[in-house]
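The values are calculated or read from the model by the stated rules, or taken from the named source; none is laboratory data. These numbers come from a predicted model, not from an experiment. A quick note on method: Cβ atoms are made from the backbone with ideal geometry, for glycine too, and the neighbour counts reach across all protein chains shown.
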Amino acid sequence: MRMSLIQWLLPISQALLEGVILVVLVKRKLRGVLPFFFCYLVFEILGFLILAVTVQGTPQQYFYSYWSVIAVGMVLSFAVLYEVFVNALKPYSAVIDLAKMLFAWAGVFLLVAAGLTAFATNGSQVSKACAAVLLLQRTVQLMQCGLLLLVVAFEARLNLSWRSLGMSVGLGFGISAAADLIASYVQPLVPRWAPALDMLSNTLGVAVVGYWLMIIMLPQPERKNVQDSPKRLILQRWNEALVSYRQGQTTVTSGSMDAFLPGIEKTVDRVLARKIAN
């Protein structure tokens, strides 16, 4: 398999920019803010090097390397998605606890869906594994698009800044995921556009990484206290209701579904009641 000069320059540029970002994150002591994002960038560089070596070998070597890189990158992308979501909801400790539970169930659901997809796919074991990885990748990309919509819709209400590291990472992932999903839909319909779509995707990847580097180079804005906002947020009401529910519970075992469901109903009632009162 041979690649043109421009097909080499774009991934090389992206890998170099990612390396610069890693250096800046370490020097500015921002590595601990989004540790999964740091690991994702490290793996992106390693994945580029692996594919750059295997592309010179046999097609079979490149095939297995490509899908392995895609699978591990998808897992790290899901972790970064969780990390950015928690970072955006940082002032709401009770809502974060609920979000962690939802993300854990989402991860289990993705694994089950991947297993069912592999089982239902005809062909060899390799074809089944590729189908499962592709499903996971598309699902994570849809979640990234959902996160993009979330941060756009609640950016002002949550007093978030587009210059913050978490918001910029969420924005970049959302834009890249949306572009990849559109390309995956258009490419089978118009096969002759495949090279142009691949070039556009690589160019967008370089632009996103460049945007991340620009944000990291700028001073990080101080996050305002959302409690000072003149608008009473639905997330704030949920947080208060969940905190009161958690404080009112002494012991709830993992198997006590009868006690858990009424508690959730009471929490929803509290949220709605506070919304009406306001």
Output for the stretch 17-55, where each listed residue is more than 24 Å from Glu83 (Cα to Cα) and either small (Gly, Ala, Ser) or modelled with pLDDT of 85 or more (or both): Leu49, Ile50, Leu51, Ala52, Val53, Thr54
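Looking at Ala113, Ala131, Ala118 in this structure, which one is in contact with a helix residue (DSSP H, G or I) (Cβ under 7 Å, 6 or more places away or on another chain), assigned to a helix (DSSP H, G or I) and either outside the structural domain of Ser68 (by TED's automatic domain parsing) or modelled with pLDDT under 75 (or both)?
Exactly one of Ala113, Ala131, Ala118 is in contact with a helix residue (DSSP H, G or I) (Cβ under 7 Å, 6 or more places away or on another chain), assigned to a helix (DSSP H, G or I) and either outside the structural domain of Ser68 (by TED's automatic domain parsing) or modelled with pLDDT under 75 (or both), namely Ala118.
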Can you name the number of the only condition in (1) modelled with pLDDT of 75 or more; (2) under 26 Å from Leu147 (Cα atoms) that Tyr66 fails? (2)
